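Input: a single structure, listed below in structure tokens.
The values are calculated or read from the model by the stated rules, or taken from the named source; none is laboratory data. In this text the structure is predicted, and so the values were computed from the model without any measurement. Glycine gets a Cβ as well: all are built from the backbone with ideal geometry, and neighbour counts include every protein chain shown.
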Amino acid sequence: MSAVWTPSPATAEEQKPVSLVAGVQLGRVLSGLAAIGLVAAAVGLSIRRYHVEHTSLNVAGPAFAVFVLVLLALAAAAVLGVRAGGRTLRDDTGARDQLFGLGAAAVVIGLVVTIRLLSVGQTLAGAIGVVWLVASVTSLGLMSTPSANVWLAGRSPGRNVLAWIRANLLLFIGLLVMAYLYIPNVVVAAMSFNHEVGKHTTYQWYGFSFSNWTHMCAPAQMCGSVVTSLWIGVVATVVATLFGTLAAFALMRHQFAGRSATNTVLFLPMATPDIVMGSSLLAFFVALRMGGHLGHVTIIIAHVMFCLSYVVVTVKARLAGMDSTLQQAAMDLYADERQTFWKVTLPLVFPGILAASLLAFSLSFDDFIITNLNAGTVTTFPIFVWGAALRGLPMQVNVIGTLMFVLAIVLVVAADIVGRSRSRGRA
């Protein structure tokens with residue numbers, strides 16, 4: 001019996017249309033040059049911005065930070081184009097679609113940028129843009145010859161572009177949502193390096209400086225208010241997590257009179273506007289003759305009140321998704337109820353409890369309306385920010401915001417790493 005012949009990689013390479021190979025290689029070269037040029041532009045423009053005043057680059061710091069991020073994102077896309085070209089030459093179907101999609105996007109972006117450069121009188125840069133645009137169109141044209149279409153399973157470039165867009169549409173939407181959510185954090189981080197000149201009630205960029213980080217507690221009472229918010233948040237989180245977890249277990253594991261009413265009552269603080277809850281708690285404290293003693297205790301009581309609902313809902317969701325057969329198996333192996341709880345139930349529920357406690361702490365640290373109505377003379381960090389904004393917000397506020405954001409990211413990443421390592425250990 002004769003063996004079935006299969007083409008070797010060298011043979012398959014020889015069978016590729018010359019136009020396809022030439023177009024892909026040209027596209028890889030253009031993508032590489034674009035990546036290098038975009039990174040160089042981001043670095044060069046940043047250096048020029050901070051060394052030369054009164055230029056078009058001296059816009060607001062947050063806007064310039066977003067501009068630099070866009071340049072770096074385009075550079076990352078160009079790197080993907082280089083990789084997609086190499087994978088296309090290795091007969092990767094998904095890479096072919098990605099290469100066509102990135103090429104089409106590059107042509108559109110290049111056309112817009114080139115027109116803009118020529119319209120503002122940047123002749124040299126516009127000429128470079130025209131050359132790069134012609135080369136990009138040539139690359140797509142070489143990859144779209146009849147012989148290349150036959151090699152690409154008979155699909156036209158337009159179909160390849162549409163296929164790539166369809167395959168990556170959810171990714172694009174997700175990236176846009178993430179950008180919308182995190183651009184304010186990027187602005188806060190950028191403003192934490194702003195060299196403050198006087199007191200202003202609006203954000204304005206003056207220059208780059210590390211002084212806000214090295215003199216974090218320079219504004220009077222700011223660090224004290226942060227410490228107050230931190231310890232109030234810790235106390236309220238511990239109390240709310242303890243009682244909320246017990247309530248979640250009771251509501252999920254036991255049947256008792258008033259169970260439905262309890263669920264409704266626990267949900268009400270989540271649905272009640274903060275101004276209503278804050279004013280109601282203030283009226284309650286005044287009725288208890290505590291109106292002249294508003295302070296730390298009343299703040300903690302108020303924070304536990306609204307954090308409790310979020311803890312119960314979060315832990316209940318974890319309990320609802322937990323497999324009860326694991327606990328039954330532990331009982332079958334002669335573990336009593338206490339051992340089953342500590343060895344099986346609590347480790348399974350702990351991620352939900354941890355998530356609930358982090359949510360409760362963030363809500364407590366961030367709250368302003370309810371706290372302001374029941375704080376008396378106590379100043380928490382949100383109250384300090386509100387008062388400072390009326391007379392000129394210090395830039396050190398952005399340092400605290402950046403630190404809290406970074407801390408939250410570190411905690412989430414650490415929890416994810418620990419969870420993955422435990423999953424691999426059990427596997």
Being within 28 Å of the chain's Cα centre (by Cα), part of a loop (DSSP other than H, G, I, E, B) and of a type in the set (A, V, I, L, M), is that true of even one residue in the range 206-222? yes
Apart from one, (1) modelled with pLDDT of 65 or more; (2) farther than 14 Å from L102 by Cα all hold for L162; the odd one out is (2)
Sole miss for G81 among (1) in contact with a helix residue (DSSP H, G or I) (Cβ under 6 Å, 6 or more places away or on another chain); (2) modelled with pLDDT under 70 is condition (2)
Filter the range 306-321 for residues that are under 24 Å from the mean Cα position of the chain (by Cα) and not β-branched (V, I, T); the one that is farthest from L251 (Cα to Cα) is C307
When every residue in the range 120-130 that is surrounded by fewer than 13 Cβ atoms within 10 Å (Cβ to Cβ) and over 36 Å from the mean Cα position of the chain (by Cα) is compared, the one farthest from G37 (Cα to Cα) is G121
Considering the range 281-300, residues that are surrounded by fewer than 19 Cβ atoms within 10 Å (Cβ to Cβ) and of a type in the set (V, I, T), and then whichever is farthest from S229 (Cα to Cα), we arrive at V286
Exercise for review: For the range 348-364, state whether one or more residues are crowded, with 16+ Cβ neighbours inside 10 Å and touching a Pro at 6+ places or on another chain (Cβ under 8 Å).
Suggested key: no
Turns out the helices (runs of 4 or more DSSP H) fully within the range 342-427 with at least 1 residues that are at pLDDT below 85 and either more than 19 Å from the chain's Cα centre (by Cα) or of a type in the set (D, E, K, R) (or both) are 346-366, 381-391, 396-426
Checking G392, G401 in turn, the sole residue that is over 15 Å from G295 (Cα atoms) and touching a His at 6+ places or on another chain (Cβ under 7 Å) turns out to be G392
